[in-house]
Ligand SMILES: *Cc1c(COP(=O)(O)O)cnc(C)c1O
């Protein structure tokens, strides 16, 4: 049995849109950039959406838009990809790493509260695997301490917190369309922002100019107004993305079915204490981005991973905690600082979940795991 870890969804319209796009001048304001943006706006139930070349670029744009004073702190989980931490450093601030909850691998509310100081400016929750973080508590803490909430919703397209699309719950949010994500245009992303920040984000995104007003016919010429860069995806990427966004519901449904197939078999193993299944709290509507198990120790996890590999089934661990990376240590952290993050790196196992596999392969993989433990 061979099961790949990744399997990209391919829609009916990708080729058609790209070929059509190639007939254009690749810069029309009425082109695929506009259509993909409208499709993204529908998925996020909000028009305050800016397409970007990646989620990393969107996070950079978010922190440039907020503007961090030298040394201002932004709290985020250590169990994450480096994008948000880099974005904070690029904007002149300091990333502060906190631990995660062992049940969801999302930000630990207690540790978050412990890390707030008078220099804290913002919180970056991530929604690990497409399962919403506990936004009710995070928003309450933010309100009480007058902090901004910037969601690293990289994995969150098609998922919700209390029926609100992930990435649009806080003040700003970033989503990824990288090739490893549920829907993709190779490299791509978006920034959602509350109305209050939208104009500034638009200006930074287009070279520090008010070109967005010009393109909307609101003025005759545009000028350089403040710092900016280029955070604009190409028309070709947008053509691909449009077709993918049109299929978002289908992709999400398929992935959630795969997850349910795993759980239907693996529940038995959890009851027998062989591992813990991922937990999806009631407030979270999951998009099937990641399916994972956590084992009691690293030795068992590695044994399962090796055994699966021997069968042709690819599974993976996840993030080496940022705080114990060389960069994290140069920021002053010790590997022993955040225990759950370190343990998660050793004991978490991600199983294949994608649109190129069917429920029966998930059940077979699951049965194989039960057999070997
Ligand atoms: C994928 C991912 C990113 C990076 O997204 P890009 O679009 O590749 O820049 C950042 N954060 C998290 C949590 C991710 O999963």
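A few remarks follow.
- Taken over region 52-75, residues that are surrounded by 24 or more Cβ atoms within 10 Å (Cβ to Cβ) and outside any helix (DSSP H, G or I) amount to 3.
- Per the conditions (1) surrounded by 17 or more Cβ atoms within 10 Å (Cβ to Cβ); (2) over 27 Å from the mean Cα position of the chain (by Cα); (3) in a helix (DSSP H, G or I), the sole criterion not satisfied by residue 303 is (1).
- Of all residues in region 151-164 being part of a strand (DSSP E or B) and more than 12 Å from the ligand (Cβ to nearest atom), the one that is surrounded by the most Cβ atoms within 10 Å (Cβ to Cβ): 161
- Region 95-110, residues that are crowded, with 18+ Cβ neighbours inside 10 Å and touching a residue at least 60 places away in the same chain (Cβ under 8 Å): 95, 97, 98, 99, 100, 101, 104, 105, 108
- Residue in region 270-289 that is part of a helix (DSSP H, G or I) and modelled with pLDDT of 95 or more present: yes
- Count of region 34-51 residues which are under 21 Å from residue 134 (Cα atoms) and either surrounded by 20 or more Cβ atoms within 10 Å (Cβ to Cβ) or within 16 Å of the ligand (Cβ to nearest atom) (or both): 1
- Residue 86 assigned to a helix (DSSP H, G or I), under 16 Å from the mean Cα position of the chain (by Cα) and modelled with pLDDT of 95 or more: yes
- Restricted to region 109-150, and to residues there that are under 12 Å from the mean Cα position of the chain (by Cα) and part of a loop (DSSP other than H, G, I, E, B), the residue that is farthest from residue 252 (Cα to Cα) is 124.
- Among the residues of region 216-224, some residue qualifies, meaning at least one is in a loop (DSSP other than H, G, I, E, B), on the phi < 0 side of the Ramachandran plot and in contact with a strand residue (DSSP E or B) (Cβ under 7 Å, 6 or more places away or on another chain).
- Applying the set (1) within 16 Å of the ligand (Cβ to nearest atom); (2) without any contact (Cβ under 8 Å) to a residue 60 or more places away in the chain; (3) closer than 20 Å to residue 284 by Cα to residue 86 leaves exactly one unmet item: (3).
- Residues of region 7-23 include none that is within 16 Å of the ligand (Cβ to nearest atom), at pLDDT 95 or above and part of a helix (DSSP H, G or I).
- The single residue among 208, 228 that is more than 19 Å from residue 38 (Cβ to Cβ), touching a helix residue (DSSP H, G or I) at 6+ places or on another chain (Cβ under 8 Å) and away from the ligand (no atom under 16 Å from the Cβ) turns out to be 228.
- Inside region 177-205, residues that are closer than 22 Å to residue 66 by Cβ and either surrounded by fewer than 24 Cβ atoms within 10 Å (Cβ to Cβ) or more than 16 Å from the ligand (Cβ to nearest atom) (or both) make up a count of 12.
- Scanning region 57-76 for residues that are more than 12 Å from residue 190 (Cβ to Cβ), within 16 Å of the ligand (Cβ to nearest atom) and in contact with a strand residue (DSSP E or B) (Cβ under 8 Å, 6 or more places away or on another chain) gives 63, 74, 75, 76.
- Qualifying residue in region 289-297 (condition: more than 25 Å from the chain's Cα centre (by Cα) and either touching a residue at least 40 places away in the same chain (Cβ under 8 Å) or surrounded by 16 or more Cβ atoms within 10 Å (Cβ to Cβ) (or both)): yes
The values are calculated or read from the model by the stated rules, or taken from the named source; none is laboratory data. Computed from a prediction, not measured in an experiment: that's the story for all the values here. Positions of Cβ are backbone-derived with ideal geometry, glycine not excepted, and every protein chain shown enters the neighbour counts.
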